Amino acid sequence: MAEPSRVRDALRASMTAWATLSVRGDQARVTLTPDLAVLSAQLDAIDPGWSLTWACDHVTPPIVRARLGVLGATREGLATGHTLADAKLAALADLARSYGVQPSSEAVWVEYDPEDGANTAELEAETPAPQAPASRPLPKEPPRDPQMDKARRHIEDLLEQLKVAGRGGDAARILMRGYGETLDESRAIYKELQTLLKG
């Protein structure tokens with residue numbers, strides 16, 4: 001079996017999570033995405049040195065870029081979501097499309113509760129997608145914080161060292177929650193990655 005086919009099969013097998021793309025009142029638009037825990041286990045078996053990195057291109061609404069490096073090839077996905085975590089999963093789903101893996105259904109609208117989130121419990125892959133309301137244009141990007149940019153560069157430098165050391169997959173699990181929304185959060189993530197590199 002060709003190597004890209006193994007990656008495609010791993011992505012297809014991991015398509016078990018749901019990301020909330022947008023919320024309108026008590027309704028949420030959700031899409032099927034890879035589950036990172038399932039995907040990690042699949043990719044570990046294919047390439048122990050695989051890596052997954054995230055970059056937040058926009059904060060509100062969250063727009064995230066996912067970059068997967070496996071078997072010497074790198075592919076990217078870009079998506080937006082209701083929260084940063086949702087945008088990450090949606091970006092992973094977009095990345096999966098570059099391998100020919102499509103969700104088994106279009107995005108669907110479900111009930112939404114602010115405390116419990118989107119109700120995806122009864123979704124089936126063949127659920128038809130209702131018409132979505134017209135989307136609004138994205139707001140202008142807020143000015144970038146130079147200290148946060150510097151923190152991000154330090155994290156990315158450390159991430160490169162972790163990839164070389166064969167710990168890219170472990171680093172990706174740490175970065176699933178992002179690079180941090182504050183300087184203190186970014187520093188904590190950097191320290192966690194440093195510990196991983198030393199360990």
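The values are calculated or read from the model by the stated rules, or taken from the named source; none is laboratory data. Just so we're clear, the structure is a prediction, and the values are computed from it rather than from any experiment. Note that we place each Cβ from the backbone using ideal geometry, even for glycine, and neighbour counts take in every protein chain shown. Ligands, DNA and RNA are stripped out before the accessible areas are found, and what is left, the full protein with its side chains, is counted by its heavy atoms. Shrake-Rupley method; radii C 1.70, N 1.55, O 1.52, S 1.80 Å.
A few points about this structure:
- Residue match in region 44-67 (condition: touching a Ser or Thr at 6+ places or on another chain (Cβ under 6 Å), assigned by the TED database to the domain that holds ASP113, farther than 16 Å from ARG173 by Cα and β-branched (Val, Ile, Thr)): yes
- Residue list for region 66-90, restricted to those being in a helix (DSSP H, G or I) and basic (Lys, Arg): LYS88
- The one condition in (1) in a helix (DSSP H, G or I); (2) at pLDDT below 75 that GLU126 fails to fulfil: (1)
- Scanning region 82-111 for residues that are farther than 20 Å from GLU122 by Cβ and either hydrophobic (A, V, I, L, M, F, W, C) or open to solvent by less than 10 Å² (accessible area, probe 1.4 Å) (or both) returns LEU84, ALA85, ALA87, LYS88, ALA90, ALA91, LEU92, ALA93, LEU95, ALA96, VAL101.
- Scanning region 37-64 for residues that are of a type in the set (S, T, N, Q) and surrounded by fewer than 16 Cβ atoms within 10 Å (Cβ to Cβ) turns up just one, THR60.
- In region 25-36 there is at least one residue matching the filter, namely being touching a strand residue (DSSP E or B) at 6+ places or on another chain (Cβ under 9 Å), open to solvent by 40 Å² or more (accessible area, probe 1.4 Å) and basic (Lys, Arg).
- Candidate set: region 2-45, residues that are farther than 23 Å from HIS82 by Cα and among the acidic types (Asp, Glu); chosen: the one modelled with the lowest pLDDT: GLU3
Okay, residues lined up against (1) over 19 Å from ILE63 (Cβ atoms); (2) touching a Ser or Thr at 6+ places or on another chain (Cβ under 7 Å); (3) surrounded by 12 or more Cβ atoms within 10 Å (Cβ to Cβ); (4) at pLDDT 80 or above:
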| site | (1), (2), (3), (4) |
| --- | --- |
| LEU138 | no, no, no, no |
| GLU141 | no, no, no, no |
| ALA165 | yes, no, yes, yes |
| GLY178 | no, no, yes, no |
| SER186 | no, no, yes, yes |
| TYR190 | yes, no, yes, yes |
| GLN194 | yes, no, yes, yes |
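- Matching residues in region 32-65 - criterion: being touching a Gly at 6+ places or on another chain (Cβ under 9 Å) and not in a loop (DSSP other than H, G, I, E, B): SER40, LEU43, ASP44, SER51, LEU52, THR53, TRP54, CYS56, ILE63, VAL64, ARG65
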